[in-house]
Amino acid sequence: MVNLVVIGGGPAGETAARVAAKRKATVSLIEKDSLGGLCLNRGCIPSKTLLSAGKKIAEMRRSSVLKPLLNETGSVQDVWSEMIKEKNRVVQKIRLSLEKLVKAGGIQILSAQASFLDGHRLRVSNRDKKEEISFEKAIVAVGSVPVFPPPLDALQAKLLDSDKILELEKVPKSMIILGGGAVGCEFACLFNALGARITILEKTNDLLPGEDPLIVQTLRKSLEKRGVQVIPSVTVQKAEEKGGSWEITCSNNTVLHAEFVLVCAGRKPNFGSLNLEKANVECSSRGIQVNSRLQTTHPDIYAVGDVNGLSLLAHAGSAQGEIAALNALGEETEYDGSLVPRCLYTWPEVAS
């Protein structure tokens, strides 16, 4: 019976743990925060719950019959408060269901921070205690964190990111979104529908880098028709907080002002506290190095999900978790990342 430890309880990690447990492995799942990871707690589920309500508001604004029901002076704030409550309710309900599902599989859940001591031992610590645990196989699934490029890194505590914006107490009057990728465009749709003045800054020559140009053009025209300003091919040279608002100086010398600034400049692997070098696991700023079997440079340690940099999508992470678990238990399977579906919950929606 294989003694498997999974570090990280997001879609990749919890899938790996459940697949291994079904095949009679002894599984410990280590999660320092809440099960469900980014997707459930700060990503897919909460943002799409808000976007679903936001889309209904956008439809009301387009209706001559329903638009008068939206009191521009105050009711949107009340609606936002109810949207946040509903978002929290949905997340809590799914989290409880996930916890029951994982425990029903006979998986030990450890609420703690993990770091490697060597290739087969971990130090596990929380507020109450520190201990060492040994393992035969390990799967690393610790996810990613938002990127704050210079000069924004020095202001990280004051700026919004895709995590903090989900707890925003009020609807902004204006917002500058730094990054026109999937996350930036989705939040642009949401807060534009709620009445905020939105400006998107994108360092490449258009929105959604990597997507089909015709699709990008269609989405951009739709956003601009709704009043969203899109400024491509610029970066931020300077950001200053002045009198309760932000002043952003762009690389083209344009100066912009807004109540809030949302940074959507991508994400990076979150393995800084794992001490991977002690386990002889090689990594770079792009992620933990893995082969097609999702095996790291240590033969008994695997890496799945955002942390290996192959795909920052929850369903891709789940697929990787299953493959890594099977390989850790002696099977021979490979991950094929050439056909991964992706979708954006913008209005209009984008999928490829």
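Quick note: the coordinates plus some simple rules give every number you see, no bench work behind them. Note that the coordinates shown come from a computational prediction; the quantities given were computed from them, not determined experimentally. Note that each Cβ is placed from the backbone with ideal geometry, even for glycine, and that neighbours are counted across all protein chains shown.
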Open item on the list: Normalised by the empirical 2.2 N^0.38 Å for globular proteins, what value does the Cα Rg of segment 216-292 take?
Closed with: 1.69
TODO: May I ask for the angle, rounded to the nearest 10°, between helix 11-22 and the longest principal axis of the chain, with both axes built from Cα atoms and the value confined to 0 to 90°?
DONE: 30
- [ ] Would you compute the Debye intensity of segment 303-344 from its alpha-carbon atoms alone, equal scatterers and no solvent, and pass along log10 I(q)/I(0) at q = 0.15, 0.23, 0.26 Å⁻¹ to two decimals?
- [x] -0.34, -0.74, -0.90
Task: Length added when fully stretched, Glu331-Glu277, from 0.36 nm per residue minus Cα-Cα - done: 16.8 nm
Open item on the list: Just to confirm my understanding: which cysteines in the chain have no other cysteine beta carbon less than 4.7 Å from their beta carbon?
Closed with: Cys185, Cys189, Cys250, Cys264, Cys283, Cys343
- [ ] Return the single residue from Cys264, Cys39, Cys250 with maximal mean-square fluctuation; model: Gaussian network over the chain, springs between Cα atoms under 10 Å.
- [x] Cys250
TODO: Take the alpha-carbon centre of segment 111-178, take the same for segment 224-283, and report the distance between them in whole Å.
DONE: 17
Task: For segment 226-352, with +1 on Lys and Arg beta carbons and -1 on Asp and Glu, the positive-most of Ala316, Ser245, Asn327 along the dipole - done: Ser245
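Could you compute the FRET efficiency for Glu86 and Gln217, with r as their C-beta to C-beta distance and R0 at 35 Å, rounded to 0.05?
Details: r = 34 Å, r/R0 = 0.97.
Efficiency computed from Cβ-Cβ geometry: 0.55.
Rounded to the nearest 500, what is the 222 nm mean residue ellipticity of the chain from helices alone, with -39500 (n - 2.57) per DSSP H run of 4+ residues and division by all residues?
Working: 7 runs with 106 residues, N = 352.
When only DSSP H runs of four or more count, the value is -10000 deg cm²/dmol.
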- [ ] Compute the distance in nm between two label points, each set 7 Å from the Cα along the Cα-to-Cβ direction, one at Arg95 and one at Asn3.
- [x] 3.1
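Once you have the Cα-Cα distance between Gln229 and Arg123, take 0.36 nm times their residue separation minus that, and quote the gain in nm to one decimal. Before the final figure, lay out the partial values.
On the way: separation 106, 0.36 × 106 = 38.16 nm, distance 4.93 nm.
My answer for the length gained is 33.2 nm.
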Task: 0 to 90° range, to nearest 10: angle between helix 213-225 axis and the chain longest Cα axis - done: 50
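Would you mind classifying segment 171-252 by shape? Square roots of the alpha carbon gyration tensor eigenvalues, ordered a ≥ b ≥ c; an a/c under 1.5 is rounded, otherwise it is prolate if a/b is larger than b/c and oblate if not. Before the final figure, lay out each step's value.
Working: a/c = 2.43, a/b = 1.30, b/c = 1.88.
Oblate, since a/c reaches 1.5 and b/c is not below a/b.
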Task: Measure of compaction for segment 1-138 (Cα Rg per 2.2 N^0.38 Å) - done: 1.46
Task: Cα shape, segment 207-352, gyration tensor, a/c 1.5 rule - done: oblate
Open item on the list: Quick check: the angle from helix 75-104's long axis to the longest principal axis of the chain, C-alpha only, nearest 10 degrees?
Closed with: 10
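Multiplying the sequence separation of Leu339 and Lys130 by 0.36 nm and subtracting their Cα-Cα distance, what value in nm do you get? Present the calculation step by step, with values, prior to reporting the outcome.
Values: separation 209, 0.36 × 209 = 75.24 nm, distance 4.22 nm.
Between Leu339 and Lys130, full extension yields 71.0 nm more.
Going by the alpha-carbon gyration tensor, a ≥ b ≥ c the square roots of its eigenvalues, is the chain rounded (a/c under 1.5) or, if a/c is not under 1.5, prolate (a/b greater than b/c) versus oblate? Don't skip to the answer; put the middle values down first.
Numbers: a/c = 2.01, a/b = 1.78, b/c = 1.13.
Prolate is the answer for the chain, as a/c is 1.5 or above and a/b outweighs b/c.
State to the nearest 20 debye the size of the charge dipole of the chain about its Cα centre, where the only charges are +1 on K and R beta carbons and -1 on D and E beta carbons. The partial results should precede the final answer.
Numbers: 43 positive and 39 negative charges, 177 e Å.
My answer is approximately 860 debye.
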Task: Leading residue at positive end of dipole, segment 3-101 (Cβ point charges), from Leu51, Val19, Gly9 - done: Val19
- [ ] Check cross-link reach from Lys164 to the lysines: straight Cα distance under 25 Å, and skip same-chain residues fewer than eight apart.
- [x] Lys32, Lys48, Lys55, Lys56, Lys85, Lys87, Lys93, Lys173, Lys203, Lys238, Lys242, Lys268
Open item on the list: If I model a spin label at Ala104 and Ala154 as a point 7 Å from the Cα along the Cα→Cβ vector, what separation in nanometres do I get?
Closed with: 5.3
- [ ] Taking 7 Å along the Cα-to-C-beta vector as the label spot, tell me the Ser52-Glu259 distance in nanometres, rounded to one decimal.
- [x] 2.7
Task: GNM flexibility winner over the chain from Val65, Val79, Val307 (Cα, springs under 10 Å) - done: Val65
Task: Gaussian network model of the chain, springs between alpha carbon atoms under 10 Å - residue of Val234, Val140, Val183 with greatest fluctuation - done: Val234
